[in-house]
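The values are calculated or read from the model by the stated rules, or taken from the named source; none is laboratory data. Nothing here was measured: the structure is a model prediction, and the numbers come from that model. Using ideal geometry, Cβ is built from the backbone for each residue, glycine included, and neighbour counts are taken over all protein chains shown.
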Amino acid sequence: MPRRYIATDCGSTTTKAIMVEKREEGWRLVARGEAPTTVEKPFEDVTIGVFNALRELEEITGIRLTDEEGRILKTPNPGEKEGVNMYVSTSSAGGGLQMLVVGVVRNMTAESAARAALGAGAIVMEIISVDDGRKPYEKVELIRRLRPDMILLAGGVEGGTVKHVVELAELIAAAEPKPRFGATYKMPVIYAGNSQAREEIEKILGEKVALYIVDNIRPTLDTENLHPAREKIHDLFLEHVMQQAPGYSKLMKLVDAPIVPTPGAVGMLIERVARKEQIEVLGVDIGGATTDVFSVFRNSAGKLVFNRTVSANLGMSYSISNVMVEAGIENVLRWVPFRISESDLKNRIRNKMIRPTTIPMTVESLIIEQAIAREALRLSLEQHKMFATELKGVQKGGDISRAIGGGEEETLVNMMNLDLIIGSGGVLSHAPRRVQSALMMLDAFQPEGITRLAVDSIFMMPHLGVISTVDEEAAWEVFDRDCLIRLGTAIAPKVVSKEGKLVLRARVEYPDGHTQHVDLHFGQILRLDLPLGVRAKVYLEPVRGADVGEGSGKKTVAEVEGGVVGLILDGRGRPIHIPDEENRRVQKLLEWFSSLDVYPSTESLKVAA
């Protein structure tokens, strides 16, 4: 008898379904189906889209999953052509989970609270703190206007301030906040601050909101305890937010495990990858309206720390014009290997915003879209770096200015230590050539040293994230075999030099015994054949001033993994050096694209140039 699971992801526009099954070789993806999400009028029932997506699975596989009464055929012993063991789901329909975070000190407890909310899959609408510079009446007006799904209130280490937390609770009480969905129920408020203030908080908020108390997020200056708050956010997401969205009460009766916010499920999977392999990972999911960045890096104590940020206005369709504004038109243009006027480029970008579902029909329009994607990814990582830091407020080396937030904080994101980048989202997962995805991530994130690159094949990381909550083995095997497309490995010396100067000598020893010697010069990018599943030994000899992981000019020996793109040697410097003068820029970009065979033909682009 087969073991079979189905999972859906109810997105804002599309509901995607997958079926996974245990075969002789282990768990594998069987099929994927999709249908428009039906949370809005005229349907206002999310389960209609779910069953439409499941019907597509039935048509593809010939396996009956539902009956005439609209029930999923769940059984402990599915047949060859009927039934499943389990059905689970994620959701970001209706705009996902939107939260307001309130904390005492903006760059200490408020930031810890924001980390808890983001890690649970929420979009943080605003952070309010005692020291944010706003007057009390402005804070009250803001709380009233925002209408989040729930509020997270934190502040005070154990035995610390009570007064300031109470002041914040009084602001919430004065605002009498109303939730986004459902006018008939009270706003859920989670209190995760100093336990000595609980009694006062209950007096102030107990009657006005639905108050939930969990352990302190920041019990001491140098520790964070985010898990209880995250668990409560998930629970309330199910109990309150999901209950109000059309059709979700029906969906909750169908599933065999709690529904998880889509970004929370992706985060679960990326965190599991990092902890299972004990590596440092950067993940990105670039969508139409937002870009999520996930990272797991080691802190100064050597512990792996998970962070997630949402760049709410950096996306490839609805938010594409905002990417242009945030990045600046000149930064988009620097990735375009042909002459195009700024006004023409702006009009093309505006057309994409007006018609968000269109896809590029020419090589030129594909290049422009991928140029914008580079900037959306770059800006999202910059925002992520500012948030993914060591705990603020921790006193280090006797420098009291750091303890009160007065010193510069170092980001946890270290591109030299990074082991793996995983890309997801339409522009990366569905790029016509996999090498385009690899180059977009290399250009946007600029990893240093030796880094593996991968993409989500068909965007099923949310599904596998929620499956992992009930069957980690099944989720991991499908992720490893069918979800993750291994692009290969990039070797990028951290160096600033002059065009054409030698930066790295490399010797590649292949398992079949043959050896390849490569000299990499500044401004060059090369692609060597290293197929999927093949590992090679590399001996790297950087010149003085160049670093591939062991320090300036120090030799390195490593084993590298192949992939569908192979082995990329990136000698373009860090930061990547792109000539300012238009003719030289166009020539250089065409040289890079030709070297990696990025686009079907660059001849037409050379004519355009």
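Couple of notes before you dig in:
- Odd one out for F297, checked against (1) within 30 Å of E167 (Cα to Cα); (2) modelled with pLDDT of 90 or more: (1)
- Number of residues in region 309-352 that are farther than 27 Å from F294 by Cβ, of a type in the set (A, V, I, L, M, F, W, C) and not in a helix (DSSP H, G or I): the value is 3.
- For region 553-560, the criterion of being under 27 Å from the mean Cα position of the chain (by Cα) and either modelled with pLDDT of 95 or more or part of a strand (DSSP E or B) (or both) is met by at least one residue.
- Per the conditions (1) aliphatic (A, V, I, L, M); (2) modelled with pLDDT of 85 or more; (3) within 27 Å of K41 (Cβ to Cβ), the sole criterion not satisfied by V241 is (2).
- Taking the conditions (1) over 14 Å from A110 (Cβ atoms); (2) in a helix (DSSP H, G or I) in turn, V189 satisfies each one other than (2).
- Only one entry in E21, E80, E69 is free of Cβ contacts under 8 Å to residues at least 60 places away in the same chain and either closer than 22 Å to D482 by Cα or of a type in the set (S, T, N, Q) (or both), namely E21.
- Among (1) surrounded by fewer than 23 Cβ atoms within 10 Å (Cβ to Cβ); (2) modelled with pLDDT of 90 or more; (3) within 17 Å of the chain's Cα centre (by Cα), the one test that A312 misses: (2)
- Which numbered condition T451 fails, given (1) out of contact with any helix residue (DSSP H, G or I) (no Cβ under 7 Å at 6 or more places or on another chain); (2) closer than 18 Å to V564 by Cβ; (3) surrounded by fewer than 24 Cβ atoms within 10 Å (Cβ to Cβ): (3)
- Residues in region 369-389 that are of a type in the set (G, A, S) and in contact with a strand residue (DSSP E or B) (Cβ under 7 Å, 6 or more places away or on another chain) were compared, and the one that is nearest to A312 (Cα to Cα) is S380.
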